[in-house]
Each structure stands twice: as structure tokens, then as C-alpha cells.
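The values are calculated or read from the model by the stated rules, or taken from the named source; none is laboratory data. Owing to the predicted nature of the structure, the values given are computational and were not obtained by experimental measurement. All Cβ positions, even for glycine, are placed from backbone atoms using ideal geometry, and neighbour counts span all protein chains on display. Areas reflect the complete protein model, heavy atoms only, side chains present, ligands, DNA and RNA absent. Shrake-Rupley method; radii C 1.70, N 1.55, O 1.52, S 1.80 Å.
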Amino acid sequence: MISLKSILSRKGYALIKLKETNTNHFEIKVKINGVKGRFILDTGASNSCVGFDEINHFKLETQESKIKAAGAGNSEMDTQESKGNRIKIGAWKYTSLNLVLFDLSHVNTALKNHGAKTVHGIIGADILKKGNAIIDYKKKRLYLKKLIFKY
């Protein structure tokens, strides 16, 4: 029997290993603008996000945003945005990522309270859509279709 891994590899998908946390989230290693970070994979988050305290860490240029963030028990949180960032997840790359920035302290407090490591941000549906994502929950793998850019 042919495995999902081999089928998707032939179709140009990158395999990214996921780590399950104490809180039953999947943690994923990401590089933004060449800088490593730890993120939660959240299929319910509409956008990928980074905490305000990580702006310098990831070399982000930000601007004010009128968008209010909501989630994880908080609503109407102030945000900023950062446009045109480079992201690398395993062998998958995207060169014009827009990020939402907001206060992730409530997320990290909840993670710490459950014995999990804190995160720099959240990978949301925007990335999953761009990469035509397939998640293998049993084997803890994320597959993202490699993008081909023509210059």
C-alpha cells in the first residue's frame, strides 16, 4: 500500500513534523524573516499571529490596524499588522506573509499553567489555505504544497 507521505511528496508537498503539547495543541517550528520561533498550529485562527513582544525578535515592521482580535476568551483586543514577511516551515516557503500582532500573554499564561512551553505566535488558516494543507493527526504531520514562484 502506498503511504500518504509518498503520495503527497510526489505531488510537491513538504512534510512538517508536529509536536503535541500537554494542552493537546500541535506545536510547530517556524522561521519568520530568518528567525526561529515556536508556534501553535490553530485551524480555527483566521490569521497567523505574533505577540507584540516579538516584534524585534522577528524583525517586523509594523503599522497600526483597525482590526480587533478575538479568541481564547478575549475579545476586542487591539492589533497591529506587519506586511511582506518571509516565512519558512520545514521546506515550505512563502515570501509575502501578512501577520497580525496582538497581546498573546493570555495564551502563554494558559500554556504555562498546563506545563506547556510558551509560544511566539500562532499559525492560522491563512497559511493552511496558501499551502493547501493536509493534517495527518494520527502521525502528527502537516503537509503544505510547495509554492512555485515565477520571476
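What to note about this one:
- Qualifying position, being out of contact with any strand residue (DSSP E or B) (no Cβ under 8 Å at 6 or more places or on another chain), touching a residue at least 60 places away in the same chain (Cβ under 8 Å) and not hydrophobic (A, V, I, L, M, F, W, C), among Gly121, Gly115: Gly115
- Residue within the range 132-143 that is within 17 Å of Arg38 (Cβ to Cβ) and either more than 14 Å from the chain's Cα centre (by Cα) or surrounded by 15 or more Cβ atoms within 10 Å (Cβ to Cβ) (or both) present: yes
- His106 falls short on exactly one of the conditions (1) open to solvent by less than 40 Å² (accessible area, probe 1.4 Å); (2) part of a helix (DSSP H, G or I), and that condition is (1).
- Condition met for Phe149 (at pLDDT below 95, surrounded by 15 or more Cβ atoms within 10 Å (Cβ to Cβ) and among the aromatic types (Phe, Trp, Tyr)): no
- Hey, Lys5 among the basic types (Lys, Arg) and either open to solvent by less than 70 Å² (accessible area, probe 1.4 Å) or part of a strand (DSSP E or B) (or both) or not: no
- Considering the range 62-88, and only residues there that are modelled with pLDDT of 95 or more and over 12 Å from Val100 (Cβ atoms), the residue that is surrounded by the fewest Cβ atoms within 10 Å (Cβ to Cβ) turns out to be Gly84.
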